[in-house]
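What follows is a short report on a single structure.
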Amino acid sequence: MKVEASAPAKVILVGEHFVVENEPAIACAVELRAHVTVEDGYDDILLSSQNFGSSIKLSIKGDILDGRENLKIFEPLLRIDRILRRMTDFKGGYKLEVNSSIPPASGMGSSAAVAVATVAAVSKIMGLELDLEEISKIAYEAEKIVHGSPSGIDNTIATYGGIIVFRKSEGFIRLEADFSKVMLIVADSGLPRNTGKMVRKVKNLKNKYPRVFEPLYHTAGRLAIEAAQAIRDGRFHDLGELMNVNHGLLSAIGVSNRKLEEMVYTAREAGALGAKITGAGGGGSIVVLTTKEDSLRVSKALKKISRRVYVLNIAEKGVVVL
Ligand code: PMV
C-alpha cells in the first residue's frame, strides 16, 4: 500500500511569542504544502527528505543501520513512528519520503506541516484510524523535539487549515472570513533562525523584567481579540493597523532586527495595509497584508530586498490523505 498525505504551511497573523504564555493568537493556513509519501512492504524503516537531500535507515526496533549523521533531521519522524507503534500491532517497515514546498526555518511552520502529514500517512499504513485531534496531538510531540516547548499553534493550523484563533489552554476556534479583497504576502529574509532559541531569548528577558513585560503580553492578548473581530467583520484596514502595532510589540520583546525592519518599512511605504514579523523572528519572514490592487507594487518592492517573496492564498483544507 502507498499513502500520500499533505499539510499546509501557516502564517501567524498576530500573537506569536505571546501565545507561548497563553495569550490568544491568530494563524491561517496558506497554500504551500508539505507532502509525505509512505509505502509499506519493507523490512526496515527508510526515511528520506528531498529538501535536505538526506536519508536514514533504521531497523523496526529503532537501531540506526545507515545515515547516522542525519539523525537530527529525522528525529521528529522517528518519535512519530515510536508513538504510533505503541498504538497498533503493526510490525513491518516502510519507506517514507518528504517533499515540501514550504521553506524551512522561515517562520511558516514547515516542521509542523511535515509532522502532521507524517502522522496522517504513517498511521494509515499502520492500520490506525486517527481523528484530527489525535493527528495534531501526536504531531505536537514531534514538534517538541524541534522547538522545545511549542505553543501548539503550528500543528493545530497544519491539521485543521483555514483561519483560527488559538489559545494554549483552550484550544482553537475557527474564524469565518472573506479574504477575497486582500492578499497575504510572505517575504523571507533569508536569515536562518531557530525558534527554540528565540523563544528562550524572549523568556529570559521576560523573567528579568516581569513587571515591564506583563502589560506587553496583556496588550498582545487584547490585540489578538480585536484582530479576530476585524477579520470577522472584514475590516482589513483595521487588521493591517493592528498587525503594525503587533510588530511594534515583537520589536519590544527583542525578536526584530535591521533586516526585518527594513522589509517591514519597505512594505508599508509601498502601500501595505500592515506588515509584521511572522513566526519566531530573529530572521525568517515577514507577513504583509495588502489590497488586491496594491499587492503587485508591494511584492515588487519586497523582491528587491528579500530572498523569496510569496503571494499566498489561504488554504481552507488542513491535512489531506490521498
Ligand atoms: O517561526 P515558527 O514558524 O517556528 O513559529 C513560532 C511561533 C512562536 O510563537 C514563536 C512559538 C510557538 O511555539 O508558538
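The values are calculated or read from the model by the stated rules, or taken from the named source; none is laboratory data. Just so it is clear, the model here is predicted, and its values are computed rather than measured. All Cβ positions, even for glycine, are placed from backbone atoms using ideal geometry, and neighbour counts span all protein chains on display. Heavy atoms of the whole protein, side chains included, go into the accessibility calculation; ligands, DNA and RNA do not. Shrake-Rupley method; radii C 1.70, N 1.55, O 1.52, S 1.80 Å.
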(message) If I model a spin label as a point 7 Å beyond the Cα along the Cα-Cβ vector, how far apart are those points for K300 and E269 in nm?
(response) 1.6
(request) In whole Hz, with x marking every Gly and Pro, tabulate ³J(HN,Hα) for region 168-181 from phi via Karplus 6.51 cos²θ - 1.76 cosθ + 1.60, θ = phi - 60°. (result) 3, 7, 10, x, 9, 10, 7, 9, 8, 8, 10, 9, 5, 9
(message) How much accessible area per residue does region 109-211 have, counting only protein heavy atoms and a probe of 1.4 Å, in square angstrom?
(response) 44
(request) Give the relative contact order (percent, whole number) for the chain; include only Cα pairs under 8 Å separated by 6+ residues. (result) 25
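From the square roots a ≥ b ≥ c of the eigenvalues of the alpha-carbon gyration tensor of the chain, which class results: rounded (a/c under 1.5), prolate (a/b over b/c), or oblate?
prolate
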(request) Report ³J(HN,Hα) in whole Hz for each residue of region 56-63, in order, from the Karplus equation J = 6.51 cos²θ - 1.76 cosθ + 1.60 where θ = phi - 60°; Gly and Pro get x. (result) 8, 10, 10, 6, 4, 6, x, 6
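Would you mind getting me the FRET efficiency between N207 and N51? Use the beta-carbon distance for r and R0 = 41 Å, nearest 0.05.
Details: r = 36 Å, r/R0 = 0.87.
Efficiency computed from Cβ-Cβ geometry: 0.70.
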(message) Ignoring ligands, DNA and RNA, please state the percent of accessible area on the chain from carbon and sulfur, probe 1.4 Å.
(response) 50
(request) Give me the distance between the Cα centres of region 249-274 and region 67-121, rounded to whole Å. (result) 33
(message) Cut-off 10 angstrom, C-alpha nodes, Gaussian network model of the chain. Which of L46, L312, L205 fluctuates the most?
(response) L205
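Assuming R0 = 25 Å, can you tell me the calculated FRET efficiency for the pair I173 and K292, based on Cβ-Cβ distance, to the nearest 0.05? Mind showing how you got there, number by number?
On the way: r = 27 Å, r/R0 = 1.09.
Computed FRET efficiency for I173 and K292: 0.40.
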(message) Could you tell me the relative contact order of region 2-174? Use alpha-carbon pairs under 8 Å, at least six residues apart, and round to a whole percent.
(response) 31
(message) So if the hydrodynamic radius of region 246-322 is defined as the Kirkwood radius over C-alpha pairs, what does Stokes-Einstein give as its diffusion coefficient at 10 °C and 1.306 mPa s, in µm² per second?
(response) 119
(request) Would you mind putting 282-288, 109-115 in packing order, based on average other-beta-carbon counts within 10 Å, highest first? (result) 109-115, 282-288
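Run lengths n ≥ 4 of DSSP H only: what is the helix-derived mean residue ellipticity at 222 nm for the chain, with -39500 (n - 2.57) per run over all residues, to the nearest 500? Walk me through the intermediate numbers first.
Working: 9 runs with 132 residues, N = 322.
Helices in the chain give a 222 nm mean residue ellipticity of -13500 deg cm²/dmol.
Taking R0 as 25 Å, what FRET efficiency do you get between V245 and E316 from their Cβ-Cβ distance, rounded to the nearest 0.05?
Working: r = 28 Å, r/R0 = 1.11.
Approximately 0.35, to the nearest 0.05.
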(message) Just to be sure I follow the definition: excluding the sites themselves, where is the longest run in the chain that has none of the GluC sites (Glu not before Pro) in a DSSP loop with at most 14 other Cβ atoms within 10 Å?
(response) 1-128
(request) Note down the nm distance, to one decimal, between modelled labels 7 Å out along Cα→Cβ at K61 and at M1. (result) 2.7
(request) Could you list the residues of region 160-203 with an amide nitrogen less than 16 Å from a label point located 7 Å from the Cα of R308 in the Cα-to-C-beta direction? (result) 185-193
(message) Just to be sure I understand: with springs between alpha-carbon atoms less than 10 Å apart, which residue in D154, D238, D66 has the highest mean-square fluctuation in the Gaussian network model of the chain?
(response) D66
(message) 7 Å from Cα along Cα→Cβ at both E69 and E214: what's the point-to-point distance in nm?
(response) 5.2
(request) Give me the number: length gained by fully extending R82 to K259, i.e. 0.36 nm times residue separation minus the C-alpha to C-alpha distance, one decimal in nm. (result) 59.7 nm
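With the cut-off at 1.5 for a/c, could you classify region 182-312 from its C-alpha gyration tensor as rounded, prolate or oblate? All intermediate terms of the calculation are to be shown ahead of the outcome.
On the way: a/c = 2.46, a/b = 1.29, b/c = 1.90.
Taking the square roots of the gyration eigenvalues as a ≥ b ≥ c, region 182-312 is oblate.
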(request) Filter the DSSP H helices in the chain by two things, a Kyte-Doolittle mean of at least -0.5 and an axial alpha-carbon span of 18 angstrom or more, and list the hits by number. (result) 71-86, 110-125, 132-147, 210-233, 236-252
(request) Compare V212, V199, V245 in a GNM of the chain, Cα atoms joined below 10 Å, and give the one with the largest fluctuation. (result) V212
